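These notes concern the structure reproduced below.
What follows is calculated from the coordinates using simple rules that are stated; it is not laboratory data. Predicted model, so just to flag it, every value in this text is computed and none were measured. Cβ placement follows ideal geometry from the backbone for every residue including glycine, while neighbour counts extend to all protein chains displayed.
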């Protein structure tokens, strides 16, 4: 996936270089370092601040940014990064609104499924990626913190919060008929890799319907979800009314489906449909049906991921929706990477509560380490501030033989020039490079060395 992004970005850079000058190709280690700096910027809460502030020379700022790459290079990568071949985009947009990111997103979805096998319970819900720029499928949802943005459907493992699958809601494609049963189609698409696995999916009333529950049952999957009160299949006895007692429950059973109506407060009833439960059991402690308890236990995974993404987000201000989606991918992929790491290293920082912060710090530093190592090998040509920043991360500058000689000469005791007349008594600090005799400027020759020969 990163190789494709690198290729498409260099194509865009070469295309713009005709008017802006010679293009320096983006390498894979630069792209990894770019992602690492985005992660570290999000960890430091700098995503909403200017790029210039990240390269601030203040001692309070992190030296990782100037040590890794120049600010101008970082800005160049942001402006040039692309996720498809722009020359063929218009043709693909005739049939796909998501054409500018489709290829990369398809690879991302495949990698999600390769790396993890979800547990018995998964949940589906929407995630809203805030974006105010121009986008053919941008949504407006006033109840969200970011009122304008791009909607995604997430399938998440309940126990680990691993995002197993996702795809964007782009509405009706060009020349496509009006969509029907959107919620049911989303569930069937995201659950397709799990057909025949006897897993359960927890969903809300946007998706839940009796035909969907029967369809999933035929594919050996179960469902637990809230049900809208406007469904024609709901008996009148299960609707809310002021005569029902608070905490009471009414059950209905039909065709391997269980419908429960629970009254949490006066004159209000919550309806839930389940193909996993086949009884009328009620918890003795809370008085709630087991269906309600299981729903509450397995529903909030997507909300948890959304909260984690917002806490340490790499998303920067942009008017390009593909770049906004790329930022969203990095946030989600970083969470998945931490989950996989903890699965394989269960004792890693076991007693610490801020594991995600530690993981993001390690991940961001590791992604930048390849470029740090490369720059350290050519540090003699870098600015002194960059050399000092590299030294803080374990990459001190190694002085050449000539530089060591010049430094020692500058520190040596002043002596009389060996070639001047004794009576002139001319004291100097310079010494000959070969014989180490003290010489003045009049009796010395200045030589110019290239970087390679000086080593």
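What is the order of 176, 437, fewest Cβ neighbours within 10 Å to most?
Neighbour counts put them in this order, fewest first: 176, 437.
Calculate, in whole percent, how much of the Cα-Cα pair population of the stretch 87-168 lies beyond 15 Å.
Counting pairs separated by more than 15 Å, the tail of P(r) holds 66 percent.
Could you tell me how many degrees, from 0 to 90 and to the nearest 10, lie between the Cα long axis of helix 71-80 and the main elongation axis, the longest principal axis, of the Cα atoms of the chain?
Once rounded, the angle reads 40 degrees.
Can you show me the helix-derived [θ] at 222 nm for the chain, built from DSSP H runs with n ≥ 4 at -39,500 (n - 2.57) apiece and divided by the number of residues, rounded to the nearest 500. The partial results should precede the final answer.
Working: 16 runs with 181 residues, N = 455.
Helix contribution divided over all residues of the chain: -12000 deg cm²/dmol.
Taking the Cα atoms of the stretch 203-345, what is the range of coordinates along each of the three principal axes, in descending order and whole Å?
53, 33, 33
Using only the Cα atoms of the stretch 1-94, what do you get for the radius of gyration and for Dmax, in Å?
Values for the stretch 1-94 (Cα only, Rg and Dmax): 15.1, 52 Å.
For residue 114 and residue 281 in one chain, what is 0.36 nm times their gap in residues minus the Cα-Cα distance, to one decimal in nm?
The span from residue 114 to residue 281 would gain 56.3 nm if fully extended.
Using a 10 Å cut-off around each Cβ, can you sort 96, 125 from fewest to most neighbouring Cβ atoms? Display every interim value, and only then the final one.
Numbers: 96 14, 125 21.
Starting with the residue having the fewest Cβ neighbours, the order is 96, 125.
Hey, how many Å between the Cα centroid of the stretch 323-368 and the Cα centroid of the stretch 142-174?
Measuring centre to centre over Cα atoms gives 20 Å.
For an R0 of 51 angstrom, estimate the FRET efficiency from the Cβ-Cβ distance between residue 214 and residue 15 and round to the nearest 0.05.
Details: r = 53 Å, r/R0 = 1.03.
That pair, residue 214 with residue 15, gives E of 0.45.
In what order do 195, 295 fall by count of nearby beta-carbon atoms within 10 Å, going from fewest to most?
In order of increasing Cβ crowding within 10 Å: 195, 295.
Assuming R0 = 51 Å, what is the FRET efficiency of residue 297 and residue 177, from their Cβ-Cβ distance, to the nearest 0.05?
The calculated FRET efficiency here is 0.85.
Above 29 angstrom, tally the Cα pairs of the stretch 118-304 and express them as a % of all pairs, no decimals. Mind dumping the intermediate values first?
On the way: 4797 of 17391 pairs.
Summing the P(r) tail past 29 Å for the stretch 118-304 gives 28 percent.
Could you check how many percent of all C-alpha pairs in the stretch 1-45 are farther apart than 15 Å?
The share of Cα pairs beyond 15 Å in the stretch 1-45 comes to 52 percent.
What does the convex hull of the Cα atoms come to per residue for the chain, in Å³?
205 Å³
What is the projected area of the convex hull of the Cα atoms of the stretch 277-394, averaged over all directions, in nm²?
Computing the convex hull of the Cα atoms and averaging its projections yields 13.4 nm².
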